[in-house]
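Below is one structure, written out as structure tokens; the observations come after it.
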Amino acid sequence: MSLVIREGGAADAGLVFSLVMALAEYEKLAHEVTAKEDDFAAAIGNGHAQALIAEWEGEACGLALYFHNFSTFLGRRGIYLEDLFVKESHRGKGIGKALLEKLAQIATANNFGRLEWAVLDWNAPSIAFYDSLGARPMKEWIVYRLTGEALRSVAAAGK
């Protein structure tokens, strides 16, 4: 086994973009992607997002894209894992688990309060995997999102 997990930088924007597109295709959401490679270069380059890249025998095969959040109840920062993806050809090798372990190490080394993420309700393999790690769903919480016209409308109402 030759697994390397490394920090991604702005120079990895093309690779990050290709892995995000592969994830979007897996989730049948590629039609919703409006991001471009330059968006990832800017976000990772200015620290708004961070990336861990997994390489198996020199081939990039996995990604953990994350950013920091803050818990008012804990009074500490945390990590929000926006996307975790391992190419289908490399699943079952422990790569996803290694990426999560690295994120947990980052969180504990920095005295962060938590590591959290969302998963699509139909993604039974991922849910089973997360359950096996001891992660628990936040069933009492409902995620809300404002985007597009709804976001612009709320912003305009406040002017």
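Spin-label model, residue 4 to residue 133: label points 7 Å out along the Cα-to-beta-carbon direction sit 2.3 nm apart. Residues with amide H under 5 Å of residue 76's amide H, sequence separation 5 or more or different chain, H placed in the peptide plane at 1.01 Å from N; which? Amide H neighbours of residue 76: 71.
Taking the protein heavy atoms of the chain in the context of the full set of protein chains, the accessible area attributed to carbon and sulfur is 55 percent at 1.4 Å. Restricting to Cα atoms and excluding each atom paired with itself, what does the Kirkwood estimate give for the chain in Å? Taking the inverse mean of 1/r over all distinct Cα pairs, the chain comes out at 17.1 Å. Based on protein heavy atoms only, the stretch 1-107 ends up with 53 Å² per residue of surface accessible to a 1.4 Å probe. From its DSSP helices (H runs of at least four residues, each -39,500 (n - 2.57)), the chain gives a residue-normalised ellipticity at 222 nm of -11000 deg cm²/dmol. For a modelled paramagnetic label at residue 18, 7 Å from Cα along Cα-to-Cβ, the residues of the stretch 85-110 in reach, with backbone nitrogen under 18 Å, are 85-91. Relative contact order of the stretch 1-43: 54 percent, from C-alpha pairs under 8 Å at least 6 residues apart in sequence. Under the criterion of Cα pairs below 8 Å and six or more residues apart, the relative contact order for the chain equals 18 percent.
The values are calculated or read from the model by the stated rules, or taken from the named source; none is laboratory data. No experiment lies behind these values; they were computed from the predicted model shown. In this analysis, Cβ positions are derived from the backbone assuming ideal geometry, glycine residues included, and neighbour counts consider all displayed protein chains. With ligands, DNA and RNA removed, areas are computed over all heavy atoms of the protein, side chains included. Shrake-Rupley method; radii C 1.70, N 1.55, O 1.52, S 1.80 Å.
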